[in-house]
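For reference, the structure discussed in these notes is given below.
The values are calculated or read from the model by the stated rules, or taken from the named source; none is laboratory data. Model, not experiment: these values are computed from the prediction. FYI the Cβ positions are ideal-geometry reconstructions off the backbone, even for glycines, and counts take in every protein chain you see.
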Amino acid sequence: MLRRLAFSLPFVLAASAALAHPHHAHLDDYGSFMSGLLHPIFGLDHVLAMVAVGLWASLIGGRALSVVPAAFVGVMAVGFLLALGGVDLPFVEPLVLASVVVLGLVVALAVPVPVVVGAAVVGFFALFHGHAHGQEMGAAGMVAYGTGFAISTATLHAAGLAAGLGLGRVLERGQGRLVTRAAGALTVVGGILLAMPA
């Protein structure tokens, strides 16, 4: 099954690459909260990076299970407020895409770091994800929209955590880590495909 997944996922990602960060104006029709809730899900770059955060936290273990995802959500909120305050950050979109590759790599390599380092790494990229959300808020209300994408982000982190921890329980420990790392490698492939011009 893993072999079939590894074979088919690059094709799925390639087909979706053009939709990595689509125009989100249509989400305004759903109201501010739903617009924020759906916004990360409609960007494949956000989905891959946020799930990778959860996967990496599951590999680090211990306090990282809560601290690393919380650091992403917290710093993402700061990036959001900077965007709303008119503070420009350089290379927002390139760094959002780079986050997919880098976070995929740290999962694929199962990079063991202290919790504070893991939090700092994800926090760096979260700043740019949050700024991107702020730039694309449109006519949505700040509080409702921000609450929506924070919940969505935390849910994607939780999905990564559940996958990483669940694989470790269902499979033998070594095999579970191997499948989690394979997911990281596929995330890297996805990030590279997203970065390629359409």
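When residues in region 88-133 are screened for being touching a residue at least 40 places away in the same chain (Cβ under 8 Å) and not in a helix (DSSP H, G or I), 6 of them pass. Taking the criterion of being at pLDDT below 85 and surrounded by 15 or more Cβ atoms within 10 Å (Cβ to Cβ), the only residue of region 172-198 that qualifies is 176. Picking from residues in region 160-171 that are under 21 Å from residue 102 (Cβ atoms) and not aliphatic (A, V, I, L, M), the one that is modelled with the highest pLDDT is 160.
Consider residue 157 carefully, then state whether it is touching a helix residue (DSSP H, G or I) at 6+ places or on another chain (Cβ under 9 Å), at pLDDT 95 or above, of a type outside the set (S, T, N, Q) and crowded, with 16+ Cβ neighbours inside 10 Å.
Criteria met by residue 157.
Within region 46-69, the presence of at least one residue that is at pLDDT below 95, in a helix (DSSP H, G or I) and in contact with a Lys or Arg (Cβ under 8 Å, 6 or more places away or on another chain) is confirmed. From the list 32, 99, the one residue that fits, being of a type in the set (Gly, Ala, Ser), modelled with pLDDT under 95 and more than 17 Å from residue 159 (Cα to Cα), is 32. Here 144, 126, 140 are screened, and the one residue that is surrounded by 15 or more Cβ atoms within 10 Å (Cβ to Cβ), touching a Gly at 6+ places or on another chain (Cβ under 9 Å), aliphatic (A, V, I, L, M) and under 19 Å from residue 101 (Cα atoms) is 126. Among the residues of region 160-171, those that are surrounded by fewer than 22 Cβ atoms within 10 Å (Cβ to Cβ), assigned to a helix (DSSP H, G or I) and aliphatic (A, V, I, L, M) comprise 162, 163, 165, 167, 170. Residues in region 55-110 that are surrounded by 18 or more Cβ atoms within 10 Å (Cβ to Cβ), small (Gly, Ala, Ser) and over 15 Å from residue 188 (Cα atoms): 57, 58, 64, 71, 77, 79, 83.
For region 111-123, filtering for residues that are surrounded by fewer than 23 Cβ atoms within 10 Å (Cβ to Cβ) and within 14 Å of the chain's Cα centre (by Cα) leaves 2.
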